[in-house]
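The values are calculated or read from the model by the stated rules, or taken from the named source; none is laboratory data. Given the structure is predicted, the values throughout are model-derived calculations rather than measurements. For neighbour counting, all protein chains shown are included, and Cβ atoms are generated from backbone atoms with ideal geometry for every residue, glycine included. The accessibility values were calculated without ligands, DNA or RNA, using every heavy atom of the protein model including side chains. Shrake-Rupley method; radii C 1.70, N 1.55, O 1.52, S 1.80 Å.
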Amino acid sequence: MIVKMKKYAYLVYHREYDRFLDSLRSLGVVHVKQTKSTKENRIIQQLLADDKRVQTQLKYLKSLLEEDKKHPDAETASKKILSRKENEALLREIEEMHEKAGKIQSTRLMLEKERETMSVWGDFSYDNIVRLRDNGYAVTFFTCLLSNYDESWENDYNAVVIHTVRSTVYFITVTPAGTAVSINADRAKMATDDYRHICEGIERENREKATLEAGLLNIARTYYDSLAAFQADIENESEWNHVLVQTEHEAGDKVMLLEGWIPADKTAGMEKALAGAGYYYREVEITDEDNIPIKLKNNRLAGFFESITKLYSLPNYNEFDPTPLFAPFFMLFFGLCLCDGGYGLLLFFAATFFKRKAGDNLKPILSLLQCFGIATLAVGMVTGSFFGISLVEIPYFSSLKKYLLSSDNLMIISIVIGFFHVIFAKFIAAYKIKVQRGLKHSLSAFAWIFLILAFTCILVLPKADIHLSQTVNYVLYGVAGLSALVVFLYNTPGKNVFLNFGSGLWDSYNTVSGLVGDVLSYIRLYAIGLTGGLLGGVFNTIAIDMTASLSPFIRWLPMLLILLAGHALNIALSMISSFVHSLRLVYVEYYKNSEFEGGGTDYKPFKKI
């Protein structure tokens, strides 16, 4: 659900304002109202740039520390916390070391390219070439295709073949200075230094890079915590200045006015703390123009899906939190798409294993994967699929066939689930209209739901061999007729009946065509699940058939490798498809039919990091 917010205004004497902001920050519950842009504020922009610099270097130092932990002989260093000035100097030093390391890397790549070029010519010294030139002889380096090489060049130009690589010949000519060498070959691009000197240069660059990396690792071991604290200070200062920008100056800059949002359940503590300090505050009436920040509060299961809600957009303050409404459907959609009990079991245990060692930021995602694993296992149990194996084809489980769902059943179930999901979304939209605008404005939306359900029962149930009594049929016709009257004659309260009728005709076209298209979209649940199951079965067949001629003593190894590679690929592709298409059914079909508006601003209280 969306936590109820209250709006407060604070009036503070300018000399006490810094102390007031410090008190407000220590409370950590007030989301400061955003009224002014900070893009032109030089101080804030500089702090943001500094924050980005520190983040970049912290990310690099963290990677060094993580790599260092893998070595059993990793050294430990005493942690040191520096002053701000010292941290700034350290940051500059790290950036300079980084820049130097980048130059070393560029130089090394250039030298390695030159080494590759010179490797075909062997380890010779340019000094010998210079001596020959001083004695009146010119040495020229050539390359050509083996088929173009002419042995007569050896007599005419003293050609000497140095190396032959595949179909290319590398050779030199030694001629008196000034002699024109006219042959069908290309002059080779040569490095400016000897092969040996190039190799020595690469080794030198490697040593310098290793020295730099050792220095950076030592900095990471000693000063990582100090830089992290420095980053927190920058972010706190940036947030402080951001609040100063949002402050209004009244009474000739003598009084500071600040407005903010507080969760309703936190107001008592805030009022008590500020009243005790002598600050003036007042609750302010919320207007339609206010951009009220959104804080979501759900139970533990629905809370795992809040990241999916935020991935698209937070709801605005005047609508419902969609998280608990789509969460069970999302689990079901994912399970139907992955549709394999073995995959679900593997996903659950893998998420559980990694969750024990994961950081706090990853645990919600792994908890979400656990939910997906449970849903997939449940669907796999009712479809009889386990790592691509159809359990009903195993004689021991053949008696379960009448209790398990077939592929035909799954297609029908997917459409039925889609129908009820769309109807549920339309009910949410109707209820939202009732809450926001009143009952009379929502009657048409509710009438559409009853009209669709009535005609579905009248027309579809007999096709499924479900026959209703005549009395029930009469009731359904009555409900459909009454709903149609509301849809066509009372869809916009207060307007002319003829305008309502025209609007009803247009709504009928959009609703019927949209309903059919939306419901048919859910066939993807069946199609993706079927595809994944078939692909898993194909890998099982490949593993069996390709190793059938091998001895049983060695057959298990290639069979195991094929199964591991095949099912790993299938799981990866199926999980991506399952998540993306479940996401689509929520963001497109559900959000559209529930008339989700979105655009909410995340609740971010002013507090010290």
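Other residues whose C-beta falls under 14 angstrom from the C-beta of Ser119 contribute a net charge of -2, scoring Lys and Arg +1 and Asp and Glu -1. The helix-only estimate of mean residue ellipticity at 222 nm for the chain, built from DSSP H runs of length n ≥ 4 each weighted as -39500 (n - 2.57), is -21000 deg cm²/dmol after division by the residue total. Applying the criteria of a DSSP loop state and at most 14 other Cβ atoms within 10 Å to the trypsin sites (Lys or Arg not before Pro) of the stretch 328-383 yields Arg356, Lys357.
Largest first, the residues Ile262, Ile81, Ile542 sort by 1.4 Å accessible area into Ile81, Ile542, Ile262. Peptides 117-129, 312-324 ordered by packing proxy, namely the average of other Cβ atoms within 10 Å per residue, highest first: 312-324, 117-129. Of the options [x] 53, 36, 20; [y] 44, 34, 26; [z] 64, 45, 26, only one is semi-axes √(5λ) of the Cα gyration tensor in Å as computed from these coordinates, and that is [z].
When the accessible area of the chain is computed with all protein chains present and a 1.4 Å probe, what percentage of it is carbon and sulfur? Before the final figure, lay out the partial values.
Numbers: 20740 of 35020 Å².
Roughly 59 percent of what the probe reaches on the chain is carbon or sulfur.
Think of a 1.4 Å ball rolled over the protein heavy atoms: the chain then has 58 Å² of accessible area per residue. Helix 552-584 and the long axis of the chain differ in direction by around 50°, with both axes built from C-alpha atoms.
Taking each of Lys310/Lys604; Lys62/Lys100; Lys295/Lys592; Lys80/Lys100 in turn, the alpha-carbon distance tops 21 angstrom for Lys295/Lys592; Lys80/Lys100. With a ≥ b ≥ c the root eigenvalues of the C-alpha gyration tensor of the stretch 566-609, is it rounded (a/c under 1.5), prolate (a/b larger than b/c) or oblate? It comes out oblate by the Cα gyration axes.
For a quick protection proxy, order the peptides 581-588, 285-292, 509-516, 90-97 by their average other-Cβ count within 10 Å, most packed first.
Highest-to-lowest ranking by the protection proxy: 581-588, 90-97, 509-516, 285-292.
Of the peptides 380-389, 455-464, the order by per-residue mean of other Cβ atoms within 10 Å, starting with the highest, comes out as 380-389, 455-464. For the chain, the longest principal axis of the alpha carbon atoms and the long axis of helix 497-520 meet at an angle near 50°.
Compare Met270, Met546 by solvent-accessible area with a 1.4 Å probe and give them largest first, with all protein chains kept in place.
Result, largest first: Met546, Met270.
FRET efficiency for the pair Thr601 and His163, taken as 1/(1 + (r/R0)^6) with r the Cβ-Cβ distance and R0 = 60 Å, rounds to 0.30. Bridges between two residues of the chain, per DSSP, are antiparallel at a rate of about 95%. Taken along the Cα-to-beta-carbon direction at a fixed 7 Å, the label points for Leu145 and Thr471 span 9.5 nm.
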